[in-house]
Every structure is written in C-alpha cells, then in structure tokens.
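The structure appears right after this line, and notes come after that.
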Amino acid sequence: MDPIAFEIFGLQIRWYGILLSSAILIGIFLSMYLAEKNHFDSEKLLDLVLIMIPAAIVGARIYYVIFRWDYYSNNLNEIYKIWHGGLAIHGGIIGGIIVSIIYTKKRNLSFWELSDFIAPSLILGQAIGRWGNFFNQEAYGRETNLPWAITVNDPTKGIIHVHPTFLYESLWDFSVFLFLLWYGRNRKKVDGEVFILYIILYSIGRLFIESLRIDSLMFMGIRVAQLVSILAIIIAVIIFKYFRKSV
C-alpha cells in the first residue's frame, strides 16, 4: 500500500497521520462521553486529555528513539519525523501516566477515576492506530504461508509473505476495548479497575504477539516490549488485588 494518502499543494498527507489523528479524535469524544455518563465534569477530563496527548506522543517517540539510538545517532534529522513511523506505545503510556498524575494532583482530582474514563478510549485508539503500521509496511511478523499472510517488500529479502502482526494486535485491542466497556458498566467496584485491567490485558496480548515480530526493540538480547509487558502485568495484578481487598 502507498503510505501517502494524497497531496495538498505539494504537502504529502500520509495514512499514518490520518489514522493517528482519527484515533485521537475518537478517543477524546469517547472518553468525554464516558465521563458525562458517570456524572463527571467532562471539561476537566478534556483539559487533561489535551495535555496528555502531546505528552504521550513525545513519550512514545523518545522511548522508540532511545532503543533505536544506533540508527538515530547517525540520522538526527529523522528523530522528529514521526510520520515515518516509530512510536512505541509503552513510551506513550508512560508519558501519559506521568502527566496525568501531575495534573490530577494539582487539580485535586482522582487519577484512578479519570484513568477509567480514558482506558477504553486508549485501547480503541491503539486498535485504529495499528493500521498505520500496515500502510507504512512496518511492525509485521515472521515469514509464513498461512492463508491470511500479507505481502510486504522487505528491505533485505524483497517480496515476502509475513504474519500481519499489526492486525493481530488491532483485533486483540478491539476485543479488550469491548471487554472494558462491559466491565466498567457491570463489574467495576472501585475506581482504577478498568485502567488496571487495560494494562493487564493489553500486556498479555502484546507479550505473545511480540514474539512473532522481527522488528522488536531490543535490550541486551531481550525484546523490550515483552520485558515491559511482563513487569506491567505483575505490577498491575498486585494493584488490582489490592483494590479488591479494599472493597
């Protein structure tokens, strides 16, 4: 697929940017809807989202650049070009959490309450945003002959058939999104449960899907995403059990 959707006065509009922008807008409207439905001032949530989004994008890019410094140290002019791909969701989550904690503390709001409104929107945005990887021909998996394999032009191997790992994660994320909506409506007992379940479920899916990818960020021979996912699951499970004991 051509990564460029169209051009306006010589400016290239890429599918990656369109999908990322769409995911953000949909996420904003959904989180505000969930806030209003739960009788929370959606304007306060919007204030948080508007500062959280750029923080998440910056965090996602910094995280990616750090673990690909062998490339970016020799291509400094590529660091800011996020439309070429290269946003690590774990970095985005970390950036968003840091800003959210600071914001809620200063505004005397509950971080856990707001995080429950944002979690479904976040995972839905991830499901949509993963399709940007398809148009950029990135984040795909190992070679395979399965019927649903996609064709990519690999820089070293040429035309090959590979696992559509972006699709696997998109489908997983959308399933988690539906579950979180159901859980928040029917099973939630304390604030923070929906967000913690988002961390657990997304990390479980990423842990397995990452094993199929060939472009993983690496640290000392270990896939960074898998390491972070394992740590996130352990910490999140502990917090979830603590919440349940406090009920």
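The values are calculated or read from the model by the stated rules, or taken from the named source; none is laboratory data. The shown structure was predicted, so the numbers you read here are calculated from the model rather than taken from an experiment. Cβ coordinates were reconstructed from backbone atoms using ideal geometry, including for glycine residues, and neighbour counts include every protein chain displayed. Keep in mind that these areas ignore ligands, DNA and RNA; they rest on the heavy atoms of the full protein, side chains included. Shrake-Rupley method; radii C 1.70, N 1.55, O 1.52, S 1.80 Å.
Just a few scattered comments:
- Area of K37 that stays accessible when all protein chains are in place (1.4 Å probe, Å², to 10): 100 Å²
- Cα lying deepest toward the dipole's positive end in the stretch 27-164, options F67, W131, V99, charges on Cβ: F67
- Accessible carbon and sulfur surface of the chain relative to its total accessible area, %, 1.4 Å: 66 percent
- For A5, residues with placed amide H under 5 Å, excluding near neighbours: I13, R14, W15
- Rolling a 1.4 Å probe across all protein chains gives D215 an accessible area of roughly 60 Å².
- Surface per residue (accessible, 1.4 Å probe) for the chain, Å²: 54 Å²
- Pairs from the list K44/K241; K188/K241; K188/K245 with a Cα-Cα gap above 24 Å: K44/K241.
- In the chain, the longest principal axis of the Cα atoms and the axis of helix 193-209 are about 20 degrees apart.
- Computed from the C-alpha gyration tensor, the three semi-axes of the ellipsoid equivalent to the stretch 116-173 are 27, 11, 7 Å, from longest to shortest.
- Estimated vicinal HN-Hα couplings, Hz - the stretch 55-67 in sequence order (Karplus 6.51, -1.76, 1.60; Gly, Pro = x): 5, 5, 5, 4, x, 5, 6, 4, 4, 5, 5, 4, 8
- Counting every C-alpha pair in the chain, the share spaced more than 35 angstrom apart comes to 16%.
- Ranked order, V58, V99 - accessible area, probe 1.4 Å, largest first: V58, V99
- Farthest toward positive dipole pole in the chain [+1 Lys/Arg, -1 Asp/Glu at C-beta], among L30, F9, Y80: L30
- Largest first, the residues S175, S42, S110 sort by 1.4 Å accessible area into S175, S110, S42.
- Nearest-20 debye value, the chain charge dipole, Cβ charges on Lys, Arg, Asp, Glu: 780 debye
- Its Cα gyration tensor gives the stretch 1-59 an equivalent ellipsoid. The semi-axes, each the square root of 5 times an eigenvalue, are 30, 12, 9 Å from largest down.
- 12 Å Cα-Cα reach of K157 towards aspartates and glutamates, excluding residues that sit fewer than 8 places from it in its own chain: E143
- Sparse-neighbourhood loop sites, chymotrypsin sites (Phe, Trp or Tyr not before Pro) in the stretch 25-129 - DSSP loop, at most 12 other Cβ within 10 angstrom: Y80
- Segment Q12..R142, full-extension length gain: 43.8 nm, with 0.36 nm per residue of separation and the alpha-carbon distance subtracted.
- Built amide H within the under 5 Å cut-off of R223, gap 5+: none
- The solvent-accessible area of W148, taken with every protein chain present and a 1.4 Å probe, is close to 140 Å².
- Rounded to the nearest whole angstrom, the semi-axes of the ellipsoid equivalent to the stretch 1-115, taken from the Cα gyration tensor as √(5λ), stand at 30, 20, 10, largest first.
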